[in-house]
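Have a look at the structure below, then the notes.
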Amino acid sequence: MAQKEATVYIVDCGRSMGEHAHGRKQSNLDWALEYVWDKITATVATGRKTTLAGVVGLRTDGTDNSMSHDEDYEHITVFQELSQLLMPNLKKLSKDLVVSRTKTGDAISALVVAIQMIATTCKKLQYIRKIVLITDARAFVQADGLSSITKKIKDDNIELIVLGVDFDDLEYGFKEEGKDATKAENEEVLRTLCEDCGGVFGTLAQAIEEMSMPRVKSTRPVPSYKGLLTLGNPQTFDTALSINVERYPKVMQAKPPTASRFVVRGDMTTSQAATDASSATLNGDDGLAAVKSARTYQVEDEEAPGGKRDVEFDELSKGYEYGRTAVHISESDRNVTTYETTASMDIVGFVDRARYERYLEMDRACLIIGQRSDGKSTMALSALIHALYELDSYAVARLVVKENKEPRMLLLAPNIEPEFECLYDIELPFAEDVRSYKFPPLDRVVTVSGKTLTLHRNLPNNDLQTAMDAYVDNMDLSTFGKDADGQEVEYAPMDETFSPMLHRINQVIKHRAIFPTADPPPTSEILIKYSHPPQQLISQNQSTLNKLIAAAEVKKVPPKARGKRFGRKGRNGEADKPLSELDVTALLAADPKRSTKRLDPQNAIPEFKQLLATSEDESLTEVKEACIQLQTIISNWLRHSVGDSGYGRAIEALRVMREEILDYEQPELYNGMLRALKGDVLEGKLGGDRKDFWYQVRVNRLGLIRKSEMGASEVGDEEAREFMLVK
């Protein structure tokens, strides 16, 4: 279970926060709110009711707090009481946190208000308590009574964080020149307060800079197994080993948040909106309702209206497909097939470490420790771990997590560290999980006659092997990085590489929650830093790469020549020329057999493509004529087909026509032809019953050209689906 948290953010909204200091394009308040929004949206994203947050405005135009009767607490407004933050709260806060016209307001008094909010809400309960104060310290600060405030912060175990706009921080390397006396004095007061109560004092620039580093979510581990680890049968043999252990996941996959489907309530009727509003788990008046799904089951019934009858889910039974037959197994019979097991972890054998292949690993890794409250089990497990380590061996165990769960085979590997010992386990495959594939060797070629060749065009020669070895060695990233002392370290360490998809999606969601109409922010550099090799390393090894290119005889592949489409030009403004520089168009035009532009049924598909590629008629007369000819040829192929012998050519002709018509953006030429062809097929005009040909059309997805494929088409998706039915 997650720990309870309570955080109060004190945001300075005074007039001076509207300035654009040190050449920044945004005001001091907008700059500070980058940090505030990042923290608050991260809190909202968790969705935990035990994570409370509150917001207090400092130097506001009005006054609204529990101690407003005292003049020392003027211009302090509680914008958000300590509670779970939701989306409507974010929208309200974005309107409240704006620059005011006020110059006065005591930051220490605002701190007292925040302490009072935490004390009232959290009482003596176990909470992680935190106060974050963000200010430019340009207003008068009442420094009297700081000792009592310090004592209260310590007694309530509150963590105080003070982030100042352009505060001096020698460790970070920033010092504001020409600072006025009031700000310098207030800054020193806040620094002393943080030091006395063990808080954090820093400049806002460093906090915003560290925001680009994604926060890794830490979760409290939940044991996947708590029970006995046995070697032998303790119920039969007194010498059997039995240890109380706990198993926890070592690695868990972090997944990005999934989208949910919602509908705008304004588009529904009043009854629908009321029903969905009552069932939707939404917060606030955002005009959305959750989409609910309903599923119905029907069976064929000649006596029912429409030939189908609705049945309840409880009336259904499971069936398994055996060939083309549905085999029904009742619930009572299915219990016979259940493999009865009991929760256990039994060591079934040992294997030498050198004989284990790493490619056998499945699923994620877990760790096994002795039960925390059982010192004897911890000692016994430690003895087993040291025995495996000294013998350089692994253990193989059979694990059943829960009763009647399927058994798994685990490999147990010892791990010994100065302050921690455990067994790492990974799931092993069964025989059915192993896929054995045979590949030809990479270092030789075996001919059909059995002769082995070591020199072949598909094998690298010595020069290529040497060049590749040198390039791989020079592109080594394990020592390319530099630490603070200038020593060689790994360039992309594991703890500094993050999932771009996961953190980018979270970044965009948080930004859109605050700024619904603004464009998403740019991607953080840390997310894309390791998506490409370092430029410096590439430059250093350019000569090695050139040698590799020369040894491999890498050559640029010329662009593929394409036919003209009504005088369309290539990238250089001229029509593409074939590699042979042979003018095929002129040769075809000079051929007396092609003067009539009639398609030969024996060579119809190639001639159809050539005719369209060489056509210069922008009125599409030649294209239409070619389609009509090919349609007639397809019909003749089907009419004179013996069985399905002519179906292959007809399907290929339809595919070619469809592709060419898509290129010409004239969908009605193909759609009209296909409608006529379907009518002839279903009416038996093409040599009898040819409905099995229409099945081939459906299988090869040669239906009507839909509007989703080409905007010029008038055929919708539903119409296209109905057209493919045999009716």
Quiz item: Taking a ≥ b ≥ c as the square roots of the eigenvalues of the Cα gyration tensor of the range 5-210, is the shape rounded (a/c under 1.5), prolate (a/b larger than b/c) or oblate?
Solution: rounded
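Can you sort I153, I368 from fewest to most other Cβ atoms within 10 Å of each residue's own Cβ? Can you show the working numbers first?
Details: I153 23, I368 26.
In increasing order of surrounding Cβ atoms, one gets I153, I368.
Using the Cα centre as the reference, give the magnitude of the dipole from point charges on the C-beta atoms of the range 588-723 (Lys, Arg: +1; Asp, Glu: -1; all else neutral), rounded to the nearest 20 debye.
540 debye
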Quiz item: Which whole-angstrom value gives the distance between the alpha carbon centres of the range 651-705 and the range 177-218?
Solution: 73 Å
Quiz item: Along the range 428-439, what does the Karplus equation 6.51 cos²θ - 1.76 cosθ + 1.60 (θ = phi - 60°) give for ³J(HN,Hα), rounded to whole Hz, x for Gly and Pro?
Solution: 9, x, 7, 4, 6, 8, 8, 10, 9, 10, 9, 10
Quiz item: Relative contact order for the chain using alpha-carbon pairs under 8 Å, separation at least 6, rounded to a whole percent?
Solution: 7 percent
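So for the range 71-176: antiparallel DSSP bridges make up what percent, rounded to the nearest 5?
That works out to approximately 10 percent antiparallel.
Only helices at least 24 Å long along their own axis, judged from Cα atoms, and with Kyte-Doolittle mean hydropathy of -1.0 or greater: name those in the chain from DSSP H. Present the calculation step by step, with values, prior to reporting the outcome.
Details: long enough: 28-46 (28 Å, 0.15); 621-639 (27 Å, 0.03); 647-664 (26 Å, -0.23).
Counting only whole DSSP H runs, the qualifying helices are 28-46, 621-639, 647-664.
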Quiz item: By a straight-distance test (C-alpha under 13 Å), which aspartates and glutamates pair with K292 as possible cross-link partners, with residues fewer than eight away in the same chain excluded?
Solution: D276
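Starting with the fewest neighbours, write out V336, V715 ranked by other beta-carbon atoms found within 10 Å of each beta-carbon. Spell out each step's value before the answer.
Details: V336 7, V715 19.
Ascending number of Cβ neighbours within 10 Å: V336, V715.
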Quiz prompt | Cβ-Cβ FRET estimate between D689 and E652, R0 fixed at 35 Å, reported to 0.05 | solution = 0.95
Exercise. For K175, list the lysines whose Cα falls under 22 Å from its own Cα; do not include residues on the same chain fewer than 8 positions away.
Key: K25, K183
Quiz item: At A42 and E719, where each label point lies 7 Å from the Cα along Cα→Cβ, what is the point-to-point distance in nanometres?
Solution: 5.4 nm
Quiz prompt | Mean-position separation - Cα centroids, the range 131-162 and the range 301-344, in angstrom | solution = 68 Å
Quiz item: Given q = 0.07 Å⁻¹, what are the Debye log10 I(q)/I(0) values for the chain, with equal point scatterers placed on the Cα positions and solvent ignored?
Solution: -1.00
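Arranged by the count of other C-beta atoms within 10 angstrom, fewest first, what order do K438, K547 take? Intermediate values should be presented prior to the final figure.
On the way: K438 4, K547 18.
In increasing order of surrounding Cβ atoms, one gets K438, K547.
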Quiz item: How many angstrom separate the Cα center of the range 477-492 from the Cα center of the range 2-74?
Solution: 40 Å
Quiz item: Hey, what number do you get for the chain at 222 nm if only DSSP H runs of n ≥ 4 count, each worth -39500 (n - 2.57), divided across all residues, to the nearest 500?
Solution: -10500 deg cm²/dmol
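Taking a quarter of the surface of the convex hull around the Cα atoms of the range 224-436, what do you get in nm²? Intermediate results must be reported in sequence, preceding the final value.
Values: hull surface 90.2 nm².
Result: a mean projected hull area of 22.5 nm².
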Practice problem: Determine which lysines satisfy two conditions relative to K405: a Cα distance under 28 Å, and not lying fewer than 8 residues away in the same chain. | Solution: K226, K250, K255, K318
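We did not get these values from a lab; they are worked out from the coordinates using the rules stated. For clarity, every value in this text was computed on a predicted model and none was experimentally measured. Neighbour counts are summed over all protein chains in view; Cβ atoms, including those assigned to glycine, are modelled from backbone coordinates with ideal geometry.
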